[in-house]
Amino acid sequence: MTAADYADQLKDLDATLRNIEAVLDLDRLRRDKVRLEEQASAPDLWDDQARAQQVTSQLSYVNGEIAKLESLRSRIDDAGVLLELAEAESDSGVLGEVETEITGLTKAVQEMEVRTLLSGEYDSREALVAIRAGAGGVDAADFAEMLLRMYLRWAERHGYPTEVYETSYAEEAGLKSATFAVKVPYAYGTLSVESGTHRLVRISPFDNQGRRQTSFAGVEVLPVTEQTDHIEIPENEMRIDVYRSSGPGGQSVNTTDSAVRITHLPTGIVVTCQNEKSQLQNKASALRVLQARLLERKRQEEQAKLQGLKTDAAGSWGDQMRSYVLHPYQMVKDLRTEQETGNPSSVFDGDLDSFIEAGIRWRKQQQMADDSA
């Protein structure tokens, strides 16, 4: 490629970044930063720990968004200067550096562009993620635990704070279910494309004959409720049970009846929380999960009315959407987007961005197709 070709690519990247800056409203982000910094510096901030954590989390997120945009802008400008230098000195080595930087910039700008596609009603919310073992016995329970680790590692890679509300261990290995929160803005919009049935194919480590086993796990992603949602649950519509929480192998996590199970009587929805030592803390966390489930149920019902379709709560698990194959070959493939990789180990270690980005783009295309139909 010639210097002129690289100049055209940088021009296109500059135009795309300007559009991203406009959609994400960089000026508003900077104003938000000033406001949040003032709140974070208040001497009584930590008198309300929940509020303090919300402010510091939002400030960290805003700082991260601004840093990403400013870094991309600086890199594009620097690449332009480097290109001018390469042209002036006819230096093929410097031109090669420009090519390498443009390749990296293209990927980084495309990743940032995905954020502009998150415009749904609840996309800006924090997320609650529920994982349940499906068909496949002990392999399914082990798969559920693998998925929990995968999502927590993904969040850790991005510096997103998480809180595990509930882990229900299976008898032999793995998890029956788990629920955790990702406490960063736009976590729901980002992770909601992960909802659905996940499928694992491998030689079972629990089969003494070394046979291949197919197992399933369900992932459900919910938006965290806010005060404006008006999700009120009358006391007479809930049955609250307390019990002693336990860990793997029946070992007690604590010696008090601190675990809480809430059953919503009108819908039959059941939520549990057992990861705090305080019964009150577990009850508060369980209520947040129940409110999120009821909000999602309400959203689905409203969407069904608009589409003239019927729905039920079980549908939130979605259809099979991704396969993780470890034998006879190595591949992770999304069945909706065709996104795939031959490195399952990396995916299970939290390298999910390419799948999430492809899912967000696929969902936007589906929405546009539905709107035009």
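The values are calculated or read from the model by the stated rules, or taken from the named source; none is laboratory data. Small disclaimer: the values here were computed from a predicted structure and weren't measured. All accessible areas refer to the heavy atoms of the entire protein, side chains included, with ligands and DNA or RNA removed. Shrake-Rupley method; radii C 1.70, N 1.55, O 1.52, S 1.80 Å.
Ligands, DNA and RNA are left out, and with a 1.4 angstrom probe the accessible area of the stretch 73-194 is 43 Å² per residue. For MET238, enumerate residues with amide H under 5 Å from its amide H, sequence gap 5+ or separate chain, H modeled in the peptide plane. Those lying under 5 Å, H to H, from MET238 are LEU265.
Lysine pair count for the chain with Cα-Cα distance under 21 Å and sequence separation of 8 or more or different chains is 15. In plain terms, the C-alpha convex hull of the stretch 199-244 casts an average shadow of 7.0 nm² when viewed from every direction. Ordering TRP362, TRP46, TRP154 by accessible surface, largest first, gives TRP46, TRP362, TRP154; the 1.4 Å probe counts only protein heavy atoms, with every chain in place.
Shown are VAL260, VAL164, whose ranking by accessible area with a 1.4 Å probe and every protein chain present, most to least, is VAL164, VAL260. With the convex hull drawn around the C-alpha atoms of the stretch 1-95, the volume per residue stands at 114 Å³. Computed on protein heavy atoms with a 1.4 Å probe, the accessible areas place MET331, MET150, MET238 in the order MET331, MET238, MET150, largest first.
If I compute solvent accessible area with a 1.4 Å probe over the protein chains, what percent of it on the chain is carbon and sulfur? Of all accessible area on the chain, carbon and sulfur atoms account for 47 percent. Normalising the Debye intensity of the chain to I(0), with uniform scatterers on Cα atoms only, and taking log10 at q = 0.06, 0.15 Å⁻¹ returns -0.29, -1.44. Our estimate of slack between GLU97 and ALA52, defined as 0.36 nm per intervening residue step minus the Cα-Cα distance, is 11.7 nm.
Rounded to the nearest whole angstrom, the semi-axes of the ellipsoid equivalent to the stretch 42-91, taken from the Cα gyration tensor as √(5λ), stand at 44, 8, 5, largest first. With the convex hull drawn over the C-alpha atoms of the stretch 51-140, the volume per residue is 187 Å³. Rg/Rh for the stretch 23-69: what does it come to with C-alpha atoms and Rh from Kirkwood? Value, to two decimals: 1.03. Derived scalar couplings between HN and Hα for the stretch 211-225 equal 8, 6, 10, 10, 9, 10, 8, x, 10, 10, 10, 10, x, 5, 6 Hz in order, rounded to whole Hz, by the Karplus curve 6.51 cos²θ - 1.76 cosθ + 1.60 (θ = phi - 60°), x for Gly and Pro. Reported value for the stretch 84-236: 178 Å³ per residue, from the convex hull of its C-alpha atoms.
Our summary gives the chain a relative contact order of 15 percent, counting only alpha carbon pairs under 8 angstrom and 6 or more residues apart.
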